[in-house]
């Protein structure tokens with residue numbers, strides 16, 4: 001563990017505590033938070049005897065260098081030093097960052113023997129976060145159900161954990177229970193709930209969350225509220241309620257810093273076929289002085305491609321991408337290939353494809369990166385849709401030479417081996 005030696009260096013300060021403050025490793029607190037602890041994290045032997053050389057002024061560790069949470073806990077126990085709440089918090093933080101639920105479980109086991117978790121809500125919340133972050137929601141639920149006290153952080157941790165694992169039903173269930181307990185959700189938590197509403201198809205609850213948000217937030221007071229506004233626009237757009245999405249944007253989103261809310265609104269219109277409106281919003285965004293980002297252009301270019309015409313609007317959007325310096329982004333390039341292809345400007349599409357290949361080679365990206373494959377597929381589709389079968393076949397061989405491993409290449413190999421000759425002749 002990276003912080004192992006740093007933590008051990010604090011042992012001198014701990015050693016100066018009075019003996020009455022030290023906790024014996026043999027003492028055990030029995031309570032609901034420990035009784036249902038899974039077998040995989042029940043207390044193991046904490047006895048460990050590193051070779052120590054005692055001197056009047058210091059203790060030197062000769063054969064053991066703490067590298068894991070278990071090592072540090074054993075070392076502290078062998079020195080009969082108390083472990084502070086801050087040290088437990090640091091160890092759990094390391095387990096969260098490394099995703100090591102085994103070590104996190106051992107820290108939990110050690111805590112059960114040394115502190116009364118029933119009285120330490122902050123520490124139990126850290127344990128909840130550790131288990132939820134490591135996708136151990138069953139264990140987190142056992143811990144959560146046994147908590148005699150819960151605060152908004154406890155509920156938020158469980159809700160966010162279920163949302164991260166795609167369990168929208170439990171997200172909504174926990175949110176309802178949280179509100180029944182009289183606790184108000186934070187803005188980040190509302191984002192989780194609104195996403196769950198979209199995933200579960202619950203527009204009605206999303207509208208209720210919207211109403212509650214309006215009552216609590218008569219105006220945008222901080223940047224934390226911006227993701228909620230973006231999520232509300234995404235909610236209504238996802239259900240095809242573009243008028244409601246536009247109303248949220250006009251009332252709250254238009255004044256938000258950044259470009260996320262603008263992009264989400266454009267994406268909603270694009271999915272519903274409102275391509276002209278996408279371009280209008282893009283122009284309005286420029287007049288409002290909002291800085292365009294790389295994630296803004298794919299939606300606008302997709303709208304340009306669907307509108308077709310002579311590709312002039314698409315060229316203008318391409319020029320805007322170059323102006324703001326995002327033309328080298330792979331997502332933008334794949335959208336350019338698709339847009340020019342749909343507009344029948346195959347030479348421009350080919351140039352965009354070649355630029356993508358050059359950028360990916362410069363950045364040493366894997367040829368089979370999904371975004372790069374999308375560019376090749378867009379070009380292949382452009383050739384095929386315009387009846388240029390010879391060019392499409394040539395491109396297939398180029399894709400094979402580039403080392404792309406996709407369905408079309410496997411099909412080409414089978415054709416080369418004559419597997420479908422009889423079927424073709426028929």
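What follows is calculated from the coordinates using simple rules that are stated; it is not laboratory data. Note that the structure is a prediction, hence the values are computed from the model and not measured. Note: ideal-geometry Cβ built from the backbone for every residue, glycine included; neighbour counts use all protein chains shown.
Among 164, 97, what is the fewest-to-most ranking by other Cβ atoms within 10 Å? List each step's numbers first, then the result.
Values: 164 14, 97 11.
Ranked by crowding around the Cβ, least crowded first: 97, 164.
Arrange 174, 119 by Cβ neighbour counts within 10 Å, fewest through most, would you?
Placing the least packed residue first, the sequence is 119, 174.
With a Cα-only, solvent-free Debye model of segment 267-356, what are the log10 I(q)/I(0) values at q = 0.10, 0.18, 0.19 Å⁻¹?
-0.21, -0.71, -0.80
State the volume of the convex hull built on the alpha-carbon positions of segment 186-267, expressed per residue in Å³ and rounded to an integer.
That works out to 79 Å³ per residue.
For segment 252-308, what are Rg and Dmax over the alpha carbons, in angstrom?
So, for segment 252-308, Rg and Dmax equal 10.5, 33 Å respectively.
Arrange 175, 295 by Cβ neighbour counts within 10 Å, fewest through most, would you? Mind showing how you got there, number by number?
Values: 175 25, 295 15.
Lowest count first: 295, 175.
Could you give log10 I(q)/I(0) at q = 0.13, 0.19, 0.20 Å⁻¹ for segment 74-207, computed by the Debye formula over C-alpha point scatterers of equal weight, without solvent?
For segment 74-207, the Cα-only Debye profile gives -0.58, -1.06, -1.14.
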